[in-house]
Amino acid sequence: MVGSGGLSRRRFVGTLAGSAAGVTVPATTACDDAPAPADMAGTAASEATTPGPHPSAQSESRAPSGPRPLYLGTYTSVEGGGQGIGLATYDPGTGRVTGTGTITGVGDPSYLALHPNGRTLYAVNEREDGAVTAVRLADREILGSRGTGGAAPCHLSVHPSGRWLLSANYGTGSVAVHPIDASGALGERTDLVTHSSPAPGPGQEGPHAHQFVTSPDGGHVLAVDLGTDTVYTYRLDLKAGTLTEVARAQTEPGAGPRHLTFHPGGRYAYLANEVDNSVAVCGYDPATGRLTIGAEQDTGTGSGTSYPAQIAVTPNGRYAYLANRGHNSLARYAVEAKGARLRLLDTVPVSGDFPRQIALSPDGNLLFAANQRSSTVSVFQVDEDSGELRLTGEPFASPVAVCALPL
């Protein structure tokens, strides 16, 4: 088990944000005059959460018009941090971001997720006494928080049924399930599973659950644990909200798996390994939930540890991008053989410091990078044919930016 030491390791970079040079953080308010983007959020969510292959959304007939909502996660308890969940909009054509306010009263919302119906936003409260919070988007009312049963929850996701919230407690190496009622509010936890085996990997003092996500077919939920070098597959009882382990996949010892991203085809996934600076292509069997982890591959950053954070895959399944925090770059990969291969093409500077998380807009035309140390969000245009990234302009200033959720 890990106590405050594990929490400190995750957040040590946040203390540097207050001294980031050349960044002016705009004043934020608890509310703004713009209407709540519930309708737009619902449209984006229905596209993003539909299981199975996604057709390319980058056509004129589906191109969004007008400003789109952007939600920003931060730490509120570090120097230079935010006051809650950041509110902004972005222009889907130019990528320009405009700040509109803050949802206050949510502590350390370092990761965000949207309900499939687009009406409720969920945030982890990454603190020693971990919790998850629900926010109704129509009027931005906080619907309450529930304890996760562990320390430093760093990731959450909503099951495609919309009935269950899944969260990962980094500090104590456990995963939790909470029910979601018709209003979007959370009920008391229905299950909590601690990763007690296998033994921690080299240099780790205990398990560190880093992600908890549903497979594209909806049949299984998978938990990535950096401390035990393992990806656990569970079946989720959709009536009781309880977990049954059905498979395990182990990485190379000391890899430190952090984040798993599925290809739209649903048969392959890509694993970012934080500790040994690698990525791996994984095969996924929907029938059994078994993940098969392939050979480790280059991150484009050379020797040394660059703390790979997360992989994002374009909706058309042709390109993938990896955030390299230490290298301050985004690696671009061609996705080949229907998802079975990644081929490194190049890396581009992220125009920020320590890209903690990346996300594509629902149409795949823009990529957002939340840069924790520089307190900025960089936005890139994504070329549909080549996958090349082009910075859209000066990064947007946002206090200790650790998550960007474009809708």
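The values are calculated or read from the model by the stated rules, or taken from the named source; none is laboratory data. None of the values given here were measured: they were computed from a predicted structure. For neighbour counting, all protein chains shown are included, and Cβ atoms are generated from backbone atoms with ideal geometry for every residue, glycine included. We work out accessible area using only protein heavy atoms, side chains counted, and drop any ligands, DNA or RNA first. Shrake-Rupley method; radii C 1.70, N 1.55, O 1.52, S 1.80 Å.
Here are some notes:
- Fraction of accessible area attributable to carbon and sulfur, the stretch 251-407 (%, probe 1.4 Å): 46
- If only the Cβ of Lys and Arg carry +1 and only the Cβ of Asp and Glu carry -1, the dipole of the stretch 205-351 around its Cα centre is close to 500 debye.
- Solvent-accessible area per residue for the stretch 80-200 (1.4 angstrom probe, square angstrom): 32
- Mean Cβ count within 10 Å, highest first, over the residues of peptides 294-304, 128-138: 128-138, 294-304
- Once the 1.4 Å probe is applied to the protein heavy atoms, the stretch 363-407 comes out at 28 Å² accessible per residue.
- Of all accessible heavy-atom area on the stretch 108-198, the percent that carbon and sulfur account for (1.4 Å): 45
- Averaged per residue, the stretch 228-344 has 37 square angstrom of accessible surface, using a 1.4 angstrom probe with ligands and nucleic acids left out.
- Alpha-carbon Debye profile of the stretch 192-236, log10 I(q)/I(0) at 0.18, 0.19, 0.23, 0.33 Å⁻¹: -0.51, -0.55, -0.74, -1.18
- Net charge over other residues, Cβ less than 9 angstrom from the Cβ of A331 (K, R count +1; D, E count -1): -1
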